[in-house]
Amino acid sequence: MSKFNLKGMLPKRGRGPLTAEATPSGVTYEGGAGYAHDAKSELFLLAVSNLVGEDTFYEKAGDRDRRYADLVTRVAVDDPEWTARFLRWLRGGAHLRSASLVGALEAAKALRDAGVPGGRAIVDSVLQRPDEPGEALAYWMTTHGRAVPKPVKRGIADAAARLYSERALLKYDTASHAFRFGDVLDLTHPSPAADKPWQGELFGYALQRRHGRDTAPSARLATLVANAELRAAATADPEVLLADGALARAGMTWEDVLSLAGSTVAKDRLWSALIPGMGYMALLRNLRNFDEAGVGDDVAERVCARLADPAEVARSRQFPFRFLAAYEQAPSLRWGHALDRALQLSLANLPALPGRSLILVDTSASMSSGGFSKRSTMSPVKAAAVFGVALAARGARVDLHGFADGVFRHDVPAGASVIREVDRFVRRVGEVGHGTRIADSVRATLRGHDRVFVISDMQTFAPGYGTGDVTEVVPRGTPLYGFTLGGYRRTAFDAGTPNRIEFGGLTDATFRMVPLIEAGRNADWPF
């Protein structure tokens with residue numbers, strides 16, 4: 001995450017890894033002064049905010065995806081080692097599946113075309129879930145045709161050998177996937193892993209199943225055998241699904257169980273049997289279903305205990321706004337305290353910053369309309385407010401403001417509920433218009449602060465609207481941190497010059513870089 005600048009040199013005080021031009025070479029989408037990034041910085045910012053195949057407020061999906069592929073191609077050939085580290089982190093550290101998968105395949109293609117090795121390892125490194133080898137093949141063939149080059153094919157084969165198991169087949173080898181396990185095996189020919197003596201038989205079963213041959217699994221595949229037996233028994237009597245340990249032995253997913261049980265087993269009993277074996281994310285997503293099924297308070301208490309368990313929160317690696325989304329979607333207040341606790345635990349690594357901090361959260365139309373994705377109702381402004389409120393709630397000397405055409409102040413009592421304060425903040429969206437006047441907003445609120453945070457898509461209005469250039473509004477001796485949520489080509493200030501630092505996305509990891517920068521260390525790439 002950080003490193004000292006050794007060899008007797010003075011540290012680069014107040015600089016981060018993302019760099020932009022020292023003077024603007026263009027404009028933002030709203031006509032303000034626009035500073036272009038170098039290729040790595042632009043790729044990083046786009047990747048952490050790019051939901052592949054989806055429009056943003058200012059940029060169409062096709063244009064955005066082409067820009068992403070072009071940047072990956074250029075950077076992969078220029079610096080294969082950096083690209084490999086970046087894409088591994090994008091999948092494992094930033095938890096972005098689509099962007100890392102697309103990036104890995106485009107990087108592998110660029111390296112193969114340039115005669116540079118490394119594509120195989122890159123592809124293997126980003127495939128972390130058993131359905132992703134099939135997703136990789138689907139993307140490749142849709143984008144580049146049916147001829148799959150060896151580095152891509154071998155990287156996918158390596159991942160299949162690493163990821164394919166009995167439980168993986170039961171969960172992910174379904175008709176809803178365009179490429180089944182058998183398709184991946186047919187096209188990439190992975191060798192069974194040496195430490196998995198049963199995997200050869202699993203591969204054979206997956207192939208038979210894909211080609212419509214009704215072959216029973218061998219006795220060595222105990223989970224598949226138990227699954228087949230339980231399915232057969234449940235057809236005659238769904239109550240067998242509730243027997244102690246039956247679901248675990250059979251590797252049943254909660255989706256399968258609900259389908260098998262139909263309407264013959266009371267939903268509260270069914271969910272009560274399922275809950276002990278459900279993963280953390282599944283619990284988080286099904287709180288409404290638990291309420292609608294009428295699960296008892298004793299069961300709900302056990303769910304709440306898991307949701308608010310510090311170790312479970314850490315393992316889940318959920319973005320903080322996921323807890324807010326779960327709170328908004330669950331009709332019962334019995335989950336509220338646990339979700340608020342979980343959200344605050346997920347922010348436990350936010351730094352305690354000395355002095356006074358000014359935090360400006362963009363509430364303009366481009367930040368408050370729509371969600372992060374087609375399936376999300378969580379707007380960027382709401383996710384941004386989570387961090388602004390959390391920093392203020394920690395009791396630090398923080399002045400939190402929302403801004404658009406004007407500004408509003410939002411005071412957060414020490415120890416306040418983050419969820420309730422975010423809700424109160426978001427209800428004020430639209431109160432000060434829908435434009436993006438970053439410089440004017442800083443000018444209206446900056447009062448001798450030790451640092452300034454701006455959380456925005458950075459598409460500020462043109463000087464003709466009276467906004468000016470944000471770079472000149474903040475004194476050069478005061479650190480200005482931009483958290484860029486849009487990933488657009490140009491930003492609103494000259495990131496990379498002293499005391500002008502830009503981050504991509506919103507995680508506690510990016511906030512933890514702030515005290516490192518201010519201590520005179522190099523806040524290096526987070527990978």
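The values are calculated or read from the model by the stated rules, or taken from the named source; none is laboratory data. Keep in mind that this is a model prediction, so the values were computed, not measured. Here Cβ is always computed from backbone atoms with ideal geometry, including for glycine, and neighbour counts include all displayed protein chains. These area figures cover heavy atoms from the full protein model, side chains too; ligands, DNA and RNA do not enter into them. Shrake-Rupley method; radii C 1.70, N 1.55, O 1.52, S 1.80 Å.
Restricting attention to the stretch 412-445 and to residues that are of a type in the set (D, E, K, R) and under 29 Å from the mean Cα position of the chain (by Cα), the residue that is least open to solvent (accessible area, probe 1.4 Å) turns out to be E421. Search the stretch 359-413 for residues being at pLDDT 85 or above and among the aromatic types (F, W, Y), and hand back the single one that is farthest from V454 (Cα to Cα). So the residue we want is F408. Screening the candidates A348, A338, A330, A325 for the property of being modelled with pLDDT of 90 or more and either open to solvent by less than 20 Å² (accessible area, probe 1.4 Å) or not basic (K, R) (or both) yields one hit, A338.
For the stretch 60-100, a residue qualifies if it is among the polar types (S, T, N, Q) and under 19 Å from L111 (Cα atoms), and the qualifying residues are T73, T83, S100.
One residue stands out among those in the stretch 240-266 that are modelled with pLDDT of 90 or more and either open to solvent by 40 Å² or more (accessible area, probe 1.4 Å) or of a type in the set (S, T, Y) (or both): the one that is nearest to the chain's Cα centre (by Cα), which is R249.
May I ask you to verify whether G277 is open to solvent by 60 Å² or more (accessible area, probe 1.4 Å) and either within 30 Å of A330 (Cα to Cα) or in contact (Cβ under 8 Å) with a residue 60 or more places away in the chain (or both)? Considered against the rule, which asks whether it is open to solvent by 60 Å² or more (accessible area, probe 1.4 Å) and either within 30 Å of A330 (Cα to Cα) or in contact (Cβ under 8 Å) with a residue 60 or more places away in the chain (or both), G277 comes out as yes.
Please find, among D244, D237, D195, the residue that is within 29 Å of W140 (Cβ to Cβ) and without any contact (Cβ under 8 Å) to a residue 12 or more places away in the chain.
Matching residue, one of D244, D237, D195: D195.
Condition check ((1) more than 28 Å from S176 (Cβ to Cβ); (2) in contact with a Phe, Trp or Tyr (Cβ under 8 Å, 6 or more places away or on another chain); (3) in a loop (DSSP other than H, G, I, E, B)) across all residues:
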{"site": "L247", "(1), (2), (3)": "no, no, no"}
{"site": "T264", "(1), (2), (3)": "no, no, yes"}
{"site": "W271", "(1), (2), (3)": "no, yes, no"}
{"site": "F290", "(1), (2), (3)": "no, yes, no"}
{"site": "E301", "(1), (2), (3)": "yes, no, no"}
{"site": "E312", "(1), (2), (3)": "yes, yes, no"}
{"site": "Q318", "(1), (2), (3)": "no, yes, yes"}
{"site": "D340", "(1), (2), (3)": "yes, yes, no"}
{"site": "Q344", "(1), (2), (3)": "yes, no, no"}
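For D183, indicate whether it is in contact with a Lys or Arg (Cβ under 7 Å, 6 or more places away or on another chain) and under 30 Å from M252 (Cβ atoms). So D183 passes the test.
Taking the criterion of being of a type in the set (V, I, T), open to solvent by less than 50 Å² (accessible area, probe 1.4 Å) and modelled with pLDDT of 95 or more, would at least one residue in the stretch 156-174 satisfy it? Yes, there is a match, as at least one residue in the stretch 156-174 is of a type in the set (V, I, T), open to solvent by less than 50 Å² (accessible area, probe 1.4 Å) and modelled with pLDDT of 95 or more.
Candidates A159, A178, A206: the one that is under 24 Å from G279 (Cα atoms) and touching a helix residue (DSSP H, G or I) at 6+ places or on another chain (Cβ under 8 Å) is A159. Where helices (runs of 4 or more DSSP H) fall wholly inside the stretch 411-481, the ranges with 3 or more residues that are over 15 Å from L360 (Cα atoms) are 418-426.
With the stretch 150-235 as the region, which helices (runs of 4 or more DSSP H) entirely inside it contain at least 2 residues that are under 30 Å from the mean Cα position of the chain (by Cα)? Filter on the stretch 150-235 gives 150-163, 166-172, 181-188. Here D440, D469, D457 are screened, and the one residue that is in contact with a helix residue (DSSP H, G or I) (Cβ under 9 Å, 6 or more places away or on another chain) and either modelled with pLDDT of 85 or more or over 25 Å from F44 (Cα atoms) (or both) is D440.
The residues in the stretch 110-145 that are part of a helix (DSSP H, G or I), of a type in the set (A, V, I, L, M) and open to solvent by less than 20 Å² (accessible area, probe 1.4 Å) can be counted, and the count is 7.
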